[in-house]
Structure formats: C-alpha cells, structure tokens
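Report on one structure; see the data block that follows.
What follows is calculated from the coordinates using simple rules that are stated; it is not laboratory data. Computed from a predicted model, the values in this text were never measured in an experiment. Quick reminder, even Gly has a Cβ in these numbers, built from the backbone with ideal geometry, and neighbours come from all protein chains shown.
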Amino acid sequence: MFSITSKAAEKAKAILKNEGKEGWGLRIFSAEGYCSPSFGLDIDENPQEGDEVLEKEGLRVFIDKQTFDLLGELELDYYEDEEQEGFILKGPMPSCGPGCGGACGA
C-alpha cells in the first residue's frame, strides 16, 4: 500500500505553512506515460468526492481512486543533497507490461 515517510510529511507541512496554506493537503495525481504512468504533486484545500485521504503526522494527502491504485507499493519521500532537494516516489514503478506499445489501462 502507498505510504509517506515522516520526512516527506514534515517538509510538506513546512511548505504549506510558508505558503500560508496551513491545514491544506497534498494532492497526488497521475498522467498517462509511455511505459508507465507519470505522477505529479500539487496542493489542495480539500479532498474531492471519491478521493482516498491519507494522514501522516498531521499532513493530509488526497489521491483519486485511479491514481491510488497505480501507486501500489510506492512511498513518497523527501531527499536533500548539496545540489538539489525535493519529493520523490520510491519503490517499484508500475508499468504496462511487455512491449509498452499501448497506454496503461487500455
């Protein structure tokens, strides 16, 4: 099942606070990719009807059902090094399977 690290939750809450959007949540969404879906991250005030809502250390994460199913065993983490930092999805990425000739879910 999809999960969120403590570090990712703390960084997201800090970003929301800096943006003046304390109490808002993160939205994870998917877009069709060639051999696997692409995922994006945004901020949102409230969940939409049908969203899965996860909570981690006071952070709410909103994910539509289709995206939630695609996320599988992935984990949202936050990385930092001397040159860059940001959110990252870690774990086995979903794919269309052999050939990658069509769109996922087709």
Q.
Relative to 2.2 N^0.38 Å, what does the C-alpha radius of gyration of the range 3-90 come to as a ratio? Two decimals please.
A. 1.07
Q. Summing +1 for each Lys or Arg and -1 for each Asp or Glu, what net charge is found among the other residues whose Cβ lies under 14 Å from the Cβ of F62?
A. -3
Q | Surrounding net charge for E10, when Lys and Arg each add one and Asp and Glu each subtract one, Cβ distance under 10 Å | A | +3
Q) What nm distance separates the two modelled labels at M1 and V53, each placed 7 Å from Cα along Cα→Cβ? A) 1.7
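Could you give the length gained on full extension between S36 and E85, defined as 0.36 nm per residue of separation minus the Cα-Cα distance, in nm?
Value of the extension gain: 15.3 nm.
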Q.
Applying a 10 Å radius around every beta-carbon, put 39-49, 11-21, 54-64 in order of their mean neighbour count, most first.
A. 54-64, 11-21, 39-49
